[in-house]
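Below is one structure, written out as structure tokens, with a few remarks after it.
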Amino acid sequence: MDKQNSKYRWIVFVVVLFTYLLMASQRTAPGLITEQLMRDFHVTASTIGLLTSIQFFVYTSLQIPMGILADRYGPNFFLIIGATLTGFGTIIYSFGTHEFVLFFSRILTGIGDATIWVNMVLILAQWFYRKEFVRLIGIAGMTGSLGFLLATVPFSEWIDLLGWRAAFFSAGLLLCICGIVLYFVLVKKPKLLFKDEQVLVTAEGQREKPFVLVKRIFSHPQAWALFFCHFGVVGGYVGFISSWAVPYGTNMYDMTRSDASQFIMVGLIGALIGAPLTSWISSKVETIKKPYIIVHIIVLLGWCSFLLFKGYPSLFLLMLLFFIIGFGYGASALTFAAVRQSFPLNEAGIVSGFANTGGFLSAVLLPIIFGYLLDYFQSTTGNLANGYYYGFFAPVIFSIIGLFGVLFFKEKR
């Protein structure tokens, strides 16, 4: 019995995705307490924007090294360490008494978070056949959106019940437990079940030096097309909801934190639908590029609508726009289906990391841009509405770049 024919692979699937669910929730959960942190620690909006971006900066900078390491040494060890580091980082965050402690904790969380997607993709590729993989990558993308969903109303209520420190401590503790469970599921148990099966590193992967491999990937137009493709649909959405979506609702629409969290949940529902639906459509019509082009165009029009209505669309339209943008983020799982289609499996880790770098580079930039503009207009005119309006130019530009990326992607049939 091999891994791809065993029923045990579904246990691996569930445990890995549950860990991803919790780790994804901690990317955006701090956005629920943005204004509380500003009051408690006496920091500016720019500092909060930098605090949000630092995790995504660390995450982004480690994607390519993580891809190289995962391709060469296997993904299991790095995923186990990553879950544990994310747990420790979240626990330290809950004990933070100074802004420097918060920064350190988010850096630690970013290091742990950097392990999850690339290694999860490779683990699924090891345990499932290629046809199963194309369908399951959509479910994996949906799981990340479920994590964001967990960090809205449910986690907001958890914060209201326990206070933000106890809520983040409990989340960190659960992630540490997941790290222990992953060790038994990915390492300990498979050694007993699959004694004759060895994890082999390909001869090509052993011969090619990391510098040569990175240079070749960096010079590959297809890799850059996927980088910019991911840049356009991920960062605008992730970067906005992780830092400024809740303050946007409270400042522009006079919502409570819970109401704003509930409102942006519509976008997360869009992401939940977008991931499996676009994967299914792509497999059905046997093309990735055409559905992805349509997704990019719709997302671009969605962000442009914020500018059209001066940053203040009606509540109904805002609900629709968040659904559309969330749907586009969910559809970003197609990027990794394109990676699997365009590159050999022994290069899937580094190319996935490179493409993922594009998505989270925009997630680093967007909170900083919003924070700077909000501080500027607050100090000069006292009008936050102008800050949000000009801030929305950033995701519009990101979306245009993403559209060019998917147009230049050359699909292999």
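The values are calculated or read from the model by the stated rules, or taken from the named source; none is laboratory data. Quick caveat, the model's predicted, so the values are computed rather than measured. Reconstructed Cβ throughout: ideal geometry from the backbone, glycine too, with neighbour counts over all protein chains shown. Note: areas computed on protein heavy atoms with side chains; ligands, DNA, RNA excluded. Shrake-Rupley method; radii C 1.70, N 1.55, O 1.52, S 1.80 Å.
Add +1 for every Lys or Arg and -1 for every Asp or Glu among the other residues with Cβ under 15 Å from the Cβ of Val43, and state the total. The partial results should precede the final answer.
Details: positive: Arg39, Arg106; negative: Glu35, Asp40, Glu99, Asp375.
Local charge sum for Val43: -2.
Can you work out the accessible area per residue across segment 1-155, with the rest of the protein chains kept in place, probe 1.4 Å, in square angstrom?
Details: 5600 Å² over 155 residues.
That works out to 36 Å² per residue.
So between Ile180 and Phe95, what do we pick up on full extension, going 0.36 nm a residue minus the alpha carbon distance? Working shown, then result.
Numbers: separation 85, 0.36 × 85 = 30.60 nm, distance 2.26 nm.
Between Ile180 and Phe95, full extension yields 28.3 nm more.
Based on the alpha-carbon gyration tensor of segment 39-101 and its eigenvalue square roots a ≥ b ≥ c, which shape applies: rounded if a/c is under 1.5, prolate if not and a/b is larger than b/c, or oblate? Here segment 39-101 falls in the oblate category. Between helix 348-380 and the chain there is an angle of about 10 degrees, using the helix long axis and the longest principal axis of the Cα atoms.
Phi angles of segment 77-92 translate, via the Karplus equation with coefficients 6.51, -1.76, 1.60 and θ = phi - 60°, into HN-Hα couplings of 4, 5, 5, 4, 5, x, 4, 5, 5, 4, x, 5, x, 5, 5, 4 Hz per residue; Gly and Pro are given as x. Say a paramagnetic label sat at a point 7 Å from the Cα of Ile293, along Cα to Cβ; which residues of segment 306-335 have their backbone N under 13 Å from it? So the set is empty, nothing qualifies. Rank Leu307, Leu21, Leu79 by mean-square fluctuation in a GNM of the chain with C-alpha springs under 10 angstrom and give only the top-ranked residue. Most flexible of the set in this elastic network: Leu307. Among Pro395, Pro367, Pro247, determine the one that fluctuates most according to a GNM of the chain built with springs between C-alpha atoms less than 10 Å apart. Largest GNM mean-square fluctuation: Pro247.
Of the solvent-accessible surface of the chain, computed with a 1.4 Å probe and all protein chains present, 70% belongs to carbon and sulfur.
Stokes-Einstein diffusion for the chain at 10 °C, viscosity 1.306 mPa s, with a Kirkwood radius from C-alpha pairs, works out to 74 µm²/s.
Computed over segment 219-305, the range of Cα coordinates on each principal axis works out to 45, 31, 20 Å, biggest value leading.
Say a paramagnetic label sat at a point 7 Å from the Cα of Ser379, along Cα to Cβ; which residues of segment 31-70 have their backbone N under 16 Å from it? Under cut-off, by backbone N: 43-50. In the chain, helical runs assigned H by DSSP with n ≥ 4 each contribute -39500 (n - 2.57); averaged across all residues and rounded to the nearest 500, the mean residue ellipticity at 222 nm is -26500 deg cm²/dmol.
How tilted is helix 8-28 with respect to the longest principal axis of the chain? Cα atoms for both, answer in degrees (0 to 90, nearest 10). Its long axis makes an angle of about 20 degrees.
With respect to the cross-link table entries Lys215/Lys290; Lys189/Lys284; Lys7/Lys284; Lys191/Lys289; Lys3/Lys215, which display a Cα-Cα separation exceeding 31 Å? Exceeds cut-off: Lys189/Lys284; Lys191/Lys289; Lys3/Lys215.
Sorting Asp40, Asp254, Asp2 by solvent-accessible area of protein heavy atoms yields Asp254, Asp40, Asp2, largest first, with a 1.4 Å probe.
Ordering Ser342, Ser170 by how much accessible area each has at a 1.4 Å probe, largest first, what is the list? If you can, show how the numbers build up before the last one.
Working: Ser342 15, Ser170 40 Å².
Heavy-atom accessible area, descending, gives Ser170, Ser342.
So if each residue of separation counts as 0.36 nm, and I subtract the Cα-Cα distance between Leu161 and Thr256, what length gain in nm does that give?
Numbers: separation 95, 0.36 × 95 = 34.20 nm, distance 1.58 nm.
The span from Leu161 to Thr256 would gain 32.6 nm if fully extended.
Calculate how steeply helix 164-183 sits against the longest principal axis of the alpha-carbon atoms of the chain, using the helix alpha-carbon long axis, and give the answer as 0 to 90 degrees to the nearest 10. It works out to around 10 degrees.
A Cβ-based charge dipole, computed about the Cα centre of segment 310-413 with Lys and Arg at +1 and Asp and Glu at -1, lands at about 300 debye. Taking a point 7 Å from the Cα of Arg130 along the Cα-to-Cβ direction, the residues of segment 319-360 with backbone N closer than 11 Å to it are 340-345. Annotation for His220 and Asn5: the two label points, set 7 Å from Cα along the Cα-Cβ direction, are 3.1 nm apart.
Computed about the Cα centre, the dipole magnitude for the chain is approximately 1300 debye when only Lys and Arg (+1) and Asp and Glu (-1) carry charge, each at its Cβ.
What does the charge count near Thr250 come to, summing +1 for each Lys or Arg and -1 for each Asp or Glu among other residues with Cβ under 11 Å from its Cβ? Charge balance near Thr250 sits at -2.
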